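For reference, the structure is listed below as structure tokens.
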Amino acid sequence: RQIAANAGYEGSIVVEKLKANEKGVGFDVLREDYGDMMKKGIVDPTKVTRSTLQNAASIASMVITTEAVVTDIPEKEKPMPPMPGGPDMMY
């Protein structure tokens, strides 16, 4: 879902289409199509996937055993103003 959203697609639509397909089918955001990820050569290294799951489990266990969690509400950042042109930028 997040990869699709980062690429500008509606993540929930992509996930629903993937659920309807057989195992091994994924969404190739570069080619904008669905297909067998192994045949396309798109695979996650086992070590990366394993580390991700281990870290997620570690964080989840820490949150479960913690009596309180402090978070920060992110503030919306104002867009930066455009840079003004200067005499040295006038080519």
_Fluctuation leader among Asp44, Asp72, Asp28 - the chain, Gaussian network, Cα springs under 10 angstrom_ = Asp72
*asked:* Can you compute the modelled spin-label distance between Lys23 and Lys76, with each label point 7 Å from Cα toward Cβ, in nm?
replied: 4.4 nm
*Say we join alpha carbon atoms closer than 10 Å with springs in a Gaussian network model of the chain; which of Met80, Met37, Met62 then has the biggest fluctuation?*
Met80
*Just list whichever of Lys19/Lys76; Lys19/Lys47; Lys19/Lys39 have alpha carbons separated by over 29 Å in the model shown.*
Lys19/Lys76
*asked:* Quick check on segment 2-65: what are the equivalent-ellipsoid semi-axes from the Cα gyration tensor, as sqrt(5λ), descending, whole Å?
replied: 26, 16, 11
*FRET E, pair Ile3, Met62, Förster distance 22 Å, beta-carbon r, rounded to 0.05*: 0.25
_Span from the segment 50-80 Cα centroid across to the segment 1-33 one, whole angstrom_ = 25 Å
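Values in this text are rule-based calculations from the coordinates and carry no lab data. None of these values were measured; they are calculated from a predicted model. Glycine also receives a Cβ, built like all others from the backbone with ideal geometry; neighbour counts cover every protein chain displayed.
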